[in-house]
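Participant: This is the structure I have questions about; it appears just below.
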Amino acid sequence: MLDVKNLTVTFNDDHPAEAVRGINLHMEDGETLGLVGESGSGKTVTAMTIAGLLANDSAEINGEVIFDGRDLLHCSCSEMRLVQGKDIGVIFQEPMTSLDPLMRIGHQIEETVRLHFKLKPEERRSMALEVMRLVGLPEPDLTYKKYPHQLSGGQRQRAMIAAAFINHPKLLILDEPTTALDVTVQAQILDVFRRLNEKCGVSLLFISHDLRVVRRVCKKVAVMYNGEIVEYGDTEDIFTNPQHEYTKQLIAAVSAGRRTHV
Amino acid sequence: MKKLKNSHRAPNYNLIWGCVITSIMVLMIVVSFFWTPFNPDAMSYAEKDLAPGGAHLLGTDNFGRDIFSRVMEGAGTTLSIAFCAVAIGASFGTVIGGLTGYFGGAWDEFIMRINDAVTAFPSILLALVIVTITGSGRTNIIFILGILFIPSFARVVRGEFAKQRQMDYVKNAKLMGVKPGRIMFVHILPNIAPVLLSAVAIGFNNAVLAEASMSYLGVGVSQTEAVSLGRMLLDSQAYWMTSPWQALSAGCAISILILGFALISEGLGTRPMWRPTTKRRRKQHA
Amino acid sequence: MRYILKKIGIFVLTIFAISILVFLAFQIIPGDPTTRMLGTQATPEKIAALRAQLGLDRPVLVRYFDWLGNFLRGNYGESYSYNMPVHELLSGKLRITASLTLLSFLMVLLISFPLGILLARFAHSWFDRVMMVLNQIVMSIPSFFTGILFTYVFGLILKFFTPTNFVEYADDHAGFWAYLVFPALSIALPKAAMVIKLLRGSMVRELSEDYVRTAYSRGNSRWQVLKGHVMRNAMVPVVTFLAVTLVDIIAGSIIIEQVFNIPGMGRLLMTSINGRDLPVVQTIIMIIALVVITVNYIADISYKYIDPRIRFR
């Protein structure tokens, strides 16, 4: 379904260093893939390139991103917009700032439908309420009318998920979706992702710096370091038998972190 | 997602041009104290309504007076009034804003309410009301504008003091037993200098506009006191057909003075007198 | 509902306070109008008689409530210099100034919104840079100078209108509005420049916010993002400034009426100030104060309507 071939992204404005250097990814329908690395490793740039959210004037993009048999890198802006929100949904790190502060939650969730389908307002509303129930937003009828500042961090992230998932896209790109949340809320949100994957068959591309979090959701994982993929395979294999030095460090860091937690 | 390209490394063109324009005007005014090409008040029927060029750089008016000399002197009048008004507004405003911002409390609340009420009205309108009561003339204009500028300065300074009060260096100074007066004016004041300077620049901008407006309305500097740009503009309006350069010179001089100060305040960063209430609210909720 | 009641309460109190201030301010005017009215014929007896006739000999408090009561009933007293009721003097002039102000405000909106949005859309381009320099210059030209330039260029040279030849609304509706176009534009230009700058800056700031990226990820086009999300967020500071602008336009119309010889409230105010015509000045200032307070309250309420974070505080 998703095939990333030899993707290279170069930033031409401030520093000419390559952000992403010739990476390859492959995802089947319903697959869960984690993209792990430290900040600056190029994982977010990769995700944003796939989602078509990298500003064209600041970066030079080469390679192929084949999604459903089409090369997204060669789509025009308007063609890309038909995919964004309909077939690919994105969830960002900061639920505080990623929602429009002046728009009711329900309207933000509906917006994704409104942009892609011609439906009556009542139909959109019932779709929104349904997806809100699906992601576990409490009292959908009331929450529908609320503004982002009236929700908790976890609820905002659920609202983000609802908006990204309402059209039942084939792929959800999750850019550090739980990093800004507390540990208990984190677990709940991860459950939501797992449920969406298992029940609705959506593929997840999960970007995180935290291998532990990725392990709880993703069957496969790709480890990025300095713009390249240094290790790619089944999550459990990599956890039990890491090949690359950097992966070993990551796992060590996670277990050290776990010790301090306990 | 997207980075601004080198925005902080680009030269501050606003500040540079603002300083260049203002320096030229100030230089012209300083020269006018000692020397002007002609006596600004010398009339000559023979040289009436001469077009710009030749000995008279900007031509002559309907009385044969040299317009360039009059602009030089008029700009001086305008700027000196603006200077005095801003000095009054800034000094009283700084003291009031400093005290209320540093100590807070009920007085702060009360004075800020009055400030809000006063600044809700256009200063030119308030100036007109007061001038009705006190009469016009240079001294009156200075005091009226000076007093009317106090609230806006007080508001800017108050906000900054309230912010600085929370800083560690102020807390340390307090612990070390430094007296409040010294903390306020020796420790805090230098730290808010950039904001204050920007406020002063915008104050000059407003003062020049207000003085010119009032003189144009005939309630500013009287004809017998001094040449004033606003008054020149008013008087020259009737001579558009015979000598348009009269009004053009005076009007351009006013605009250039205002432009210079506007650019400086722009270059110094924020425009602190714009909707500070909004900023205050936004910050609490951001 | 309680919020609105509270707002109305504060509104009434503010007007009450302003009315006291206006009244007191005009009580301490040094010049007694009677001497001016009587001129050379002034004798102590005549002055006393006139003072009694005008009611100036009564206690201040009585005069205040008398004045306020009359004001609320639409009875603004008698002009000293014109010897006619103030409301008669004002009747036509109020409409002229209101028309001028509203026309000018409309122009500010029509000029600044499209341009502000366009400049934000193409921020940092050459077009944007050139326009912002022009904008800064327009901002610095006082409205009365713009007015004089318009009189010269469009009135005397191109003869689009005849300066000093004001057209009454009753005589010719279209001519009335046509005469007001250039005065309104003179006031509107510098104000529009300020709104453009504020709106552009506010939109550029909002464009770098995270929710903009979210909006793109849902399939919004650039214009849809601007229209559907950025515009409303960027409006929060602009609304307050629009109130300031409207109030400034009222003040600007006082000056511009002198430039274009428009027989509106501003001209009346200036002649009354010069003639120390107390009741007229008092009434005009009261009317303007009422408008200023009303405009500010409308802005305050609409501001809260736009920004729910403040509404639910």
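The values are calculated or read from the model by the stated rules, or taken from the named source; none is laboratory data. Because the structure is a prediction, the values reported are computed rather than measured. Here the Cβ positions follow ideal geometry from the backbone for every residue, glycine too, while neighbour counts run over all protein chains shown. We work out accessible area using only protein heavy atoms, side chains counted, and drop any ligands, DNA or RNA first. Shrake-Rupley method; radii C 1.70, N 1.55, O 1.52, S 1.80 Å.
Participant: If I go through the stretch A:43-74 residue by residue, how many of them are open to solvent by less than 30 Å² (accessible area, probe 1.4 Å) and at pLDDT below 85?
Facilitator: Qualifying residue count for the region: 4.
Participant: Sticking with this one: Out of all the residues in the stretch B:216-226, which are modelled with pLDDT of 80 or more and either open to solvent by 10 Å² or more (accessible area, probe 1.4 Å) or in a helix (DSSP H, G or I) (or both)?
Facilitator: Start the filter on the stretch B:216-226 by keeping residues that are modelled with pLDDT of 80 or more, which leaves B:216-221, B:226.
Scanning the stretch B:216-226 gives B:TYR216, B:LEU217, B:GLY218, B:ALA226.
Participant: Would you check if A:GLU79 is open to solvent by less than 30 Å² (accessible area, probe 1.4 Å) and closer than 18 Å to C:SER217 by Cα?
Facilitator: no
Participant: Could you check, for the stretch B:110-130, whether at least one of its residues is modelled with pLDDT under 90, within 14 Å of chain C (Cβ to nearest Cβ) and on the phi > 0 side of the Ramachandran plot?
Facilitator: No, that holds for no residue.
Participant: Looking at C:SER91, C:SER99, which one is in contact with a Leu (Cβ under 8 Å, 6 or more places away or on another chain) and either at negative phi or among the hydrophobic types (A, V, I, L, M, F, W, C) (or both)?
Facilitator: Being in contact with a Leu (Cβ under 8 Å, 6 or more places away or on another chain) and either at negative phi or among the hydrophobic types (A, V, I, L, M, F, W, C) (or both) holds for just one of C:SER91, C:SER99, which is C:SER99.
Participant: Can I ask one more? Which count do you get for residues in the stretch B:74-108 that are open to solvent by 30 Å² or more (accessible area, probe 1.4 Å) and either outside any helix (DSSP H, G or I) or out of contact with any helix residue (DSSP H, G or I) (no Cβ under 9 Å at 6 or more places or on another chain) (or both)?
Facilitator: 2
Participant: Oh, and also: Only one residue in B:THR270, B:THR242, B:THR278 is at pLDDT below 90 and at the interface with another protein chain (Cβ under 7 Å from one of its Cβ atoms). Which one?
Facilitator: Answer to the check: B:THR278.
Participant: Further question on the same structure: On the given criteria, is A:LEU115 surrounded by 17 or more Cβ atoms within 10 Å (Cβ to Cβ), modelled with pLDDT of 90 or more, among the aliphatic types (A, V, I, L, M) and closer than 22 Å to C:GLU209 by Cβ? Spell out how you get there, then give the answer.
Facilitator: Working: surrounded by 17 or more Cβ atoms within 10 Å (Cβ to Cβ): yes; modelled with pLDDT of 90 or more: yes; among the aliphatic types (A, V, I, L, M): yes; closer than 22 Å to C:GLU209 by Cβ: yes.
Yes: the conditions hold for A:LEU115.
Participant: Among C:ASP307, C:ASP277, which is of a type in the set (Asp, Glu) and either open to solvent by 10 Å² or more (accessible area, probe 1.4 Å) or more than 7 Å from every other protein chain (Cβ to nearest Cβ) (or both)?
Facilitator: None of the others qualify; the one that does is C:ASP277.
Participant: Let me ask you something else. Just name the residue that is farthest from the chain's Cα centre (by Cα) out of those in the stretch B:16-43 that are open to solvent by less than 50 Å² (accessible area, probe 1.4 Å) and within 22 Å of B:ALA262 (Cβ to Cβ).
Facilitator: Step by step, filter the stretch B:16-43, then rank; the result is B:MET28.
Participant: So, one more: Those residues that are touching a strand residue (DSSP E or B) at 6+ places or on another chain (Cβ under 9 Å) and open to solvent by 30 Å² or more (accessible area, probe 1.4 Å), I need them from the stretch C:192-223; list them, please.
Facilitator: C:ARG213, C:TYR216
Participant: Look at the stretch A:116-144 and say how many of its residues are of a type in the set (A, V, I, L, M), under 20 Å from the mean Cα position of the chain (by Cα) and assigned to a loop (DSSP other than H, G, I, E, B).
Facilitator: 2
Participant: Select, from B:ILE202, B:ILE147, the only residue that is open to solvent by 40 Å² or more (accessible area, probe 1.4 Å) and within 14 Å of another protein chain (Cβ to nearest Cβ).
Facilitator: Matching residue, one of B:ILE202, B:ILE147: B:ILE147.
Participant: Could you say whether any residue in the stretch B:78-96 is among the aromatic types (Phe, Trp, Tyr) and farther than 19 Å from B:PHE204 by Cα?
Facilitator: Within the stretch B:78-96, not a single residue is among the aromatic types (Phe, Trp, Tyr) and farther than 19 Å from B:PHE204 by Cα.
Participant: Among the candidates A:GLY30, A:GLY40, A:GLY63, A:GLY22, which residue alone is assigned to a loop (DSSP other than H, G, I, E, B), away from chain C (no Cβ under 14 Å) and more than 16 Å from the chain's Cα centre (by Cα)?
Facilitator: None of the other options fit; the residue is A:GLY40.
Participant: Which ranges mark the helices (runs of 4 or more DSSP H) fully within the stretch B:120-207 that have 1 or more residues being of a type in the set (S, T, N, Q), closer than 26 Å to B:ALA82 by Cα and more than 14 Å from the chain's Cα centre (by Cα)?
Facilitator: Numbers: elements: B:123-134, B:138-165, B:168-175.
By residue number, B:123-134, B:138-165.
Participant: Which number in (1) within 13 Å of chain C (Cβ to nearest Cβ); (2) assigned to a helix (DSSP H, G or I); (3) out of contact with any helix residue (DSSP H, G or I) (no Cβ under 8 Å at 6 or more places or on another chain) marks the one condition that A:ILE109 misses?
Facilitator: (3)
Participant: OK, next. Can you tell me which condition B:VAL71 does not meet? The list is (1) surrounded by fewer than 24 Cβ atoms within 10 Å (Cβ to Cβ); (2) part of a helix (DSSP H, G or I), and all the others hold.
Facilitator: Checking B:VAL71 against (1) surrounded by fewer than 24 Cβ atoms within 10 Å (Cβ to Cβ); (2) part of a helix (DSSP H, G or I), the one that fails is (1).
Participant: I need the helices (runs of 4 or more DSSP H) fully contained in the stretch C:70-169, keeping only those with at least 2 residues that are open to solvent by less than 30 Å² (accessible area, probe 1.4 Å), away from chain B (no Cβ under 14 Å) and closer than 23 Å to C:ALA188 by Cβ.
Facilitator: C:86-121
Participant: Determine which member of the set A:GLN155, A:GLN150 is within 14 Å of chain C (Cβ to nearest Cβ) and without any contact (Cβ under 8 Å) to a residue 24 or more places away in the chain.
Facilitator: Details: A:GLN155 fails: within 14 Å of chain C (Cβ to nearest Cβ).
The match here is A:GLN150.
Participant: Based on this model, can you work out whether C:LYS227 counts as more than 9 Å from every other protein chain (Cβ to nearest Cβ), closer than 24 Å to A:ILE166 by Cα and out of contact with any His (no Cβ under 8 Å at 6 or more places or on another chain)?
Facilitator: Against the criterion (more than 9 Å from every other protein chain (Cβ to nearest Cβ), closer than 24 Å to A:ILE166 by Cα and out of contact with any His (no Cβ under 8 Å at 6 or more places or on another chain)), C:LYS227 qualifies.
Participant: Kindly indicate which of C:ARG200, C:ARG213, C:ARG267 is on the phi < 0 side of the Ramachandran plot, facing chain B (nearest Cβ under 9 Å) and part of a helix (DSSP H, G or I).
Facilitator: Result of the check over C:ARG200, C:ARG213, C:ARG267: C:ARG213.
Participant: Output the number of the condition that C:ILE249 fails; it satisfies all remaining conditions of (1) hydrophobic (A, V, I, L, M, F, W, C); (2) more than 21 Å from C:LEU115 (Cβ to Cβ); (3) buried (at least 22 other Cβ atoms within 10 Å of the Cβ).
Facilitator: The failed condition is (2).
Participant: If we scan the stretch C:236-259, do we find a residue that is more than 8 Å from every other protein chain (Cβ to nearest Cβ), in a helix (DSSP H, G or I) and closer than 30 Å to A:ARG81 by Cβ?
Facilitator: The answer is yes, given that some residue of the stretch C:236-259 is more than 8 Å from every other protein chain (Cβ to nearest Cβ), in a helix (DSSP H, G or I) and closer than 30 Å to A:ARG81 by Cβ.
Participant: Looking only at the stretch A:86-126, which residues are of a type in the set (S, T, N, Q) and under 16 Å from A:THR143 (Cα atoms)?
Facilitator: A:GLN108, A:SER126
Participant: Here's another thing I want to ask about it. Only residues in the stretch B:135-146 that are on the phi < 0 side of the Ramachandran plot and without any contact (Cβ under 8 Å) to a residue 60 or more places away in the chain count as the first member; pair them with residues that are open to solvent by less than 60 Å² (accessible area, probe 1.4 Å) and assigned to a helix (DSSP H, G or I), Cβ under 6 angstrom, at least 6 apart or cross-chain, and list the lot.
Facilitator: Sorted first by the residue in the stretch B:135-146, then by its partner, the pairs are B:ILE144/B:ALA127; B:ILE144/B:ILE130.
Participant: Right, C:ILE284: within 20 Å of B:ILE133 (Cβ to Cβ), more than 9 Å from chain B (Cβ to nearest Cβ), of a type in the set (A, V, I, L, M, F, W, C) and part of a helix (DSSP H, G or I) or not?
Facilitator: Yes: the conditions hold for C:ILE284.
Participant: Collect the residues in the stretch C:138-153 that are in contact with a Gly (Cβ under 9 Å, 6 or more places away or on another chain) and not small (Gly, Ala, Ser), keeping them in residue-number order.
Facilitator: C:ILE141, C:PRO142, C:PHE144, C:PHE145, C:THR146, C:ILE148, C:LEU149
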